[in-house]
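Everything below concerns the one structure shown next.
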Amino acid sequence: MLHQAKHAVLPQTDHDELARQEFAFTLKTHISTDVGPGTRDAAHVRVIPKFARDRGRQPQTRVELRDAMDDDPYHQMWGSLTRLAQEVMWDSVEESVARQLPELIGAARAPGKTGGSLKLNPSLAMPRYMSAVDIHAMPGGYAAEVTEDDLRAGAIFDRGTFINVCGTQGPLHDARGRTLCSYLRHNYPAFRPKRILDMGCSIGQATLAYPKHFPDAQVHAVDVAAPLLRYGHARAEALGRRIHFSQQNAETTDFPDDHFDLVVSHLLFHETSSPALEKIIRECHRVLRPGEKMIHLELGLPYKDMDLYEQVIHDWQTLNNAEPFWAKINSTDTAALARKVGFREATSGYLERSEHPEEDETTLGPKPNDTDAHPQGARVGCEVFYVMQGTK
Ligand SMILES: C[S@@+](CC[C@H](N)C(=O)[O-])C[C@H]1O[C@@H](n2cnc3c(N)ncnc32)[C@H](O)[C@@H]1O
């Protein structure tokens, strides 16, 4: 397994737990690199030719192709393996977190050293799009709490998401933040934000990049789920990054108007409902200073940039992996939404993942031709991101 950076609250593994996690990691890697690409052959060699023979025309929509693919044994095998691997992955992480939860909670109570902070709001109402579903089949979802100062969901998320993308986001799993920092540094070299807000920060994996690359900025990070924030705060302190975490709904935060020079999010949009998405973009507009920017990084890609086969593969997440809003974000023109709510300009495009923000020349461009369709696998969501940027 690739190396994950150790810190005070990362759940440790005994021999058997590590063996099971290694198995989940290897299975996921095998499915995304070896098994997944065969579904394209299934579509083009068997399913589409049969559809054309039976109906006298090509499939016109992703629903038509999806229905036809559902009967293909190889595609069924891929889907069944992919869902199984997801469950095996969470199980393998959950058992080691359960074993050491009291110690992890104890470690998280240790005072921080960086001057970062954690502000929780126990009376915050959980949006229904969060409480009604265990997103990406993570047991208990993001917000379940069964004990005092619970951070179980954060610990599961840290280890599980590392395994889920086969370690491709780096030892700290911060590649999404590094990529946006690289983009900002390369394209706006004079930009020196004083205040940065990360919305839907989860455990602050991507947030970690901002205090590193903009050390003079005050970095804030909000999420609705307390267990993620408790864990994220302890993790950031252990890693020496000063971040101010608070439990807030990104649709309506308590920050003043015109407060931030930069608002970012990473993988938030594909986990919110349509009404929430518009409210979140409006909130970005409210809290940004005039002339300043928001940038949102996603792994939900526009259907318009995909062939029908890729659309079917992305749809699989919506229908089978507890990602109910994924199809919605793939059909939403978020830049148009930003202009509608008042952003002076808004644009979108693709960014290659950056490993070294100080050196990489990260620019917004069209979708790379060789982008693989498998969202949990090879390129999309691991090496290529979809980004929407707006200026107030
Ligand atoms: C996929 S995770 C984000 C991961 C994180 N940004 C990263 O890249 O490391 C999506 C997060 O958005 C949060 N979220 C969803 N809707 C939200 C809202 N309205 N306000 C704040 N957080 C929200 C969820 O609790 C979850 O932690």
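The values are calculated or read from the model by the stated rules, or taken from the named source; none is laboratory data. No experiment lies behind these values; they were computed from the predicted model shown. Counting neighbours? That spans all protein chains shown, and the Cβs are built from the backbone with ideal geometry, glycine included.
Residues that are in contact (Cβ under 8 Å) with a residue 40 or more places away in the chain, farther than 21 Å from Leu124 by Cα and acidic (Asp, Glu) within the range 218-259 comprise just one, Glu237.
In the range 164-182, what residues are of a type in the set (Val, Ile, Thr) and at pLDDT below 90? Within the range 164-182, Val165, Thr168 qualify. Candidates are the residues of the range 193-202 that are within 14 Å of the ligand (Cβ to nearest atom) and assigned to a loop (DSSP other than H, G, I, E, B); the one that is surrounded by the most Cβ atoms within 10 Å (Cβ to Cβ) is Cys201. A count restricted to the range 347-365 and to residues that are out of contact with any Asp or Glu (no Cβ under 6 Å at 6 or more places or on another chain), farther than 8 Å from Tyr183 by Cβ and touching a residue at least 24 places away in the same chain (Cβ under 8 Å) stands at 11. Just one of the listed residues (Glu298, Glu323) is more than 19 Å from Arg176 (Cα to Cα) and either surrounded by 22 or more Cβ atoms within 10 Å (Cβ to Cβ) or without any contact (Cβ under 8 Å) to a residue 60 or more places away in the chain (or both), namely Glu323. Examine the range 111-125 for a residue that is at pLDDT 95 or above, closer than 17 Å to Arg230 by Cβ, charged (D, E, K, R) and more than 14 Å from the ligand (Cβ to nearest atom), and state whether such a residue exists. Scanning the range 111-125 turns up no residue that is at pLDDT 95 or above, closer than 17 Å to Arg230 by Cβ, charged (D, E, K, R) and more than 14 Å from the ligand (Cβ to nearest atom). For the range 73-93, check the following and say yes or no: at least one residue is modelled with pLDDT of 95 or more, over 27 Å from the mean Cα position of the chain (by Cα) and within 22 Å of Leu319 (Cα to Cα). Checked against the condition, which is being modelled with pLDDT of 95 or more, over 27 Å from the mean Cα position of the chain (by Cα) and within 22 Å of Leu319 (Cα to Cα), the range 73-93 yields at least one hit. Pairs are defined by a Cβ separation below 9 Å, a sequence spacing of at least 6 or placement on different chains, a first member in the range 203-217 that is farther than 18 Å from Tyr231 by Cβ and more than 7 Å from the ligand (Cβ to nearest atom), and a second member that is of a type in the set (Phe, Trp, Tyr) and outside any loop (DSSP other than H, G, I, E, B); the pairs so defined are Ala217/Tyr210. Residues that are loosely packed, with under 14 Cβ neighbours inside 10 Å and in a loop (DSSP other than H, G, I, E, B) within the range 122-133 comprise Pro122, Ser123, Ala125, Ala132, listed in sequence order.
Scanning the range 218-230 for residues that are crowded, with 24+ Cβ neighbours inside 10 Å and away from the ligand (no atom under 11 Å from the Cβ) gives Val219, His220, Arg230. Every condition in (1) of a type outside the set (S, T, N, Q); (2) in contact with a His (Cβ under 7 Å, 6 or more places away or on another chain); (3) closer than 24 Å to Phe157 by Cα; (4) modelled with pLDDT under 95 is met by Arg185 except one, and the failing one is (3). Within the range 180-192, restricting attention to residues that are surrounded by 13 or more Cβ atoms within 10 Å (Cβ to Cβ) and of a type in the set (A, V, I, L, M), the residue that is farthest from the ligand (Cβ to nearest atom) is Leu184.
Restricting to the range 142-155, and then to whatever is within 12 Å of the ligand (Cβ to nearest atom) and either surrounded by 22 or more Cβ atoms within 10 Å (Cβ to Cβ) or free of Cβ contacts under 8 Å to residues at least 40 places away in the same chain (or both), can you tell me which residue is nearest to Leu10 (Cα to Cα)? Residue satisfying both the conditions and the ranking: Gly154. Confirm whether Ala236 is away from the ligand (no atom under 11 Å from the Cβ) and small (Gly, Ala, Ser). Taking the combined requirement at face value, the residue satisfies it. Could you please let me know if Gly112 is without any contact (Cβ under 8 Å) to a residue 40 or more places away in the chain and not aliphatic (A, V, I, L, M)? Here the answer is no, as Gly112 does not meet what is asked. Scanning the range 31-69 for residues that are in a loop (DSSP other than H, G, I, E, B), farther than 21 Å from Lys304 by Cβ and more than 32 Å from the chain's Cα centre (by Cα) gives Gly56, Arg57.
For (1) at pLDDT below 95; (2) among the hydroxyl-bearing types (Ser, Thr, Tyr); (3) within 12 Å of the ligand (Cβ to nearest atom), each residue gets a yes or a no:
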| site | (1), (2), (3) |
| --- | --- |
| Phe260 | no, no, no |
| His266 | no, no, yes |
| Glu283 | no, no, yes |
| Arg286 | no, no, no |
| Lys293 | no, no, no |
| Leu299 | yes, no, yes |
| Asp305 | yes, no, no |
